[in-house]
1. Among (1) farther than 20 Å from residue 321 by Cα; (2) touching a Lys or Arg at 6+ places or on another chain (Cβ under 8 Å), there is one condition residue 121 misses while meeting the rest; what is its number?
2. Please determine whether any residue of segment 304-313 is open to solvent by less than 20 Å² (accessible area, probe 1.4 Å) and among the charged types (D, E, K, R).
3. Confirm whether residue 75 is within 13 Å of residue 308 (Cα to Cα) and more than 23 Å from the chain's Cα centre (by Cα).
4. Restricting attention to segment 285-299, which residues are more than 10 Å from residue 194 (Cα to Cα) and either more than 8 Å from the chain's Cα centre (by Cα) or of a type in the set (Phe, Trp, Tyr) (or both)?
5. Taking the criterion of being touching a Gly at 6+ places or on another chain (Cβ under 6 Å), in contact (Cβ under 8 Å) with a residue 24 or more places away in the chain and assigned to a helix (DSSP H, G or I), would at least one residue in segment 169-187 satisfy it?
6. Here's a check for you: in segment 314-335, which residue that is surrounded by 16 or more Cβ atoms within 10 Å (Cβ to Cβ) and charged (D, E, K, R) is farthest from residue 291 (Cα to Cα)?
7. Do we find that residue 102 is farther than 29 Å from residue 281 by Cβ, free of Cβ contacts under 8 Å to residues at least 24 places away in the same chain and either polar (S, T, N, Q) or out of contact with any Asp or Glu (no Cβ under 7 Å at 6 or more places or on another chain) (or both) in this structure?
8. From 26, 49, 43, grab the single residue that is of a type outside the set (Phe, Trp, Tyr), in a strand (DSSP E or B) and touching a helix residue (DSSP H, G or I) at 6+ places or on another chain (Cβ under 7 Å).
Amino acid sequence: MQPALPLVNLTITTGEPAGVGPEVSLAAARQFLAEQENVQITLLGDEHLLCSLQKNNTHYSERLRFKSISLAQEVVPGALNVANAQYVLQLLNEAADGCLKGRYDAMVTAPIQKGIINDAGIPFTGHTEYLEQRCNAKHVVMMLCASLPVGFLGIKAPKDLRVALATTHLPLSKVSLALSLQSILETIQIVHDDLQKKFNISKPAIRVAGLNPHAGESGHLGCEEIEIIAPAIEAAKRVGINVSGPYPGDTMFDASTLESVDAYIAMYHDQGLAPFKFVSFGGGVNVTLGLPIIRTSVDHGTALDIAGKGIADPRSMLEALRLAYQLAVNQRKQV
């Protein structure tokens, strides 16, 4: 009889307490524990808040654990409270530090409300940037993943759509200034390296967008493609990366490329995430590349309008757990 494999330890930060994060975290955790025997999940959040969500559910698993972090003030579903902003960051700190110290194999994050953290006087751009600083990473990349079924836009086999971003949460007016040959090259390298190391893709094929309409129209609609993006792509090719572009944003996601491309890199947030979310059916997963830890997340917001009503869809959180688990298993195989 073979010895039992060590459990994969996942932790979930339950996010903005007034949003749907706590309920989708609990629902998805229970569902994933039912389908996967080799996993243990620790939910991070206020014990009273999480216990209130369990009162009508008698299902119990010894592999579901809770680590309580206390709220500053009681929560009213759908009503943001600046007093609880620090609580949200405490969840992230516990999860990130736990992963860095080996207590958890991966962290999965529920949605947060960036504005309320800033209203509390704490500069905060997003999960991606916060974890970059917390983990002392040099450069991180935000990538969204979704599984596309057979027949979708004519594909003949199931395929994972992956869209990474060269910049993340910036006003559109600041995107061009944030791009450089070095930053785009690093983005390409990080996507390539993590697809190999974390996703077990031996030679990833990467497709890169331009910034301007028609990819700059040979300089008539902008010169970033000529001066920055194309040279970065050529530099990546010289070190053996299978990358192409820059492609116009409106043809970048040509359906005929889905079966042959492992990741698309967009220059800014909505250029990549608008088409991604249009086809991901609410089942997308956010992955942070370039970290020394594994972090996945839902691809939706706090949904304050339906918080506390018991109707939030846990599908994206479930997919985030599935991917975190698979990445953790892949990482163990490489040790």
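1. (2)
2. So far as segment 304-313 goes, no, none of its residues is open to solvent by less than 20 Å² (accessible area, probe 1.4 Å) and among the charged types (D, E, K, R).
3. Here the answer is yes, as residue 75 does meet what is asked.
4. 292, 293, 294
5. No, the conditions are met nowhere in segment 169-187.
6. Of everything passing the filter in segment 314-335, 315 is farthest from residue 291 (Cα to Cα).
7. For residue 102, the condition - farther than 29 Å from residue 281 by Cβ, free of Cβ contacts under 8 Å to residues at least 24 places away in the same chain and either polar (S, T, N, Q) or out of contact with any Asp or Glu (no Cβ under 7 Å at 6 or more places or on another chain) (or both) - is met.
8. None of the others qualify; the one that does is 43.
The values are calculated or read from the model by the stated rules, or taken from the named source; none is laboratory data. Keep in mind it's a predicted model, so treat the numbers as computed, not measured. Ideal geometry is used to build each Cβ from the backbone, glycine not excepted, and the neighbour counts take in all protein chains shown. Note: accessible area is taken over every heavy atom of the protein model, side chains too, but ligands, DNA and RNA are not part of it. Shrake-Rupley method; radii C 1.70, N 1.55, O 1.52, S 1.80 Å.
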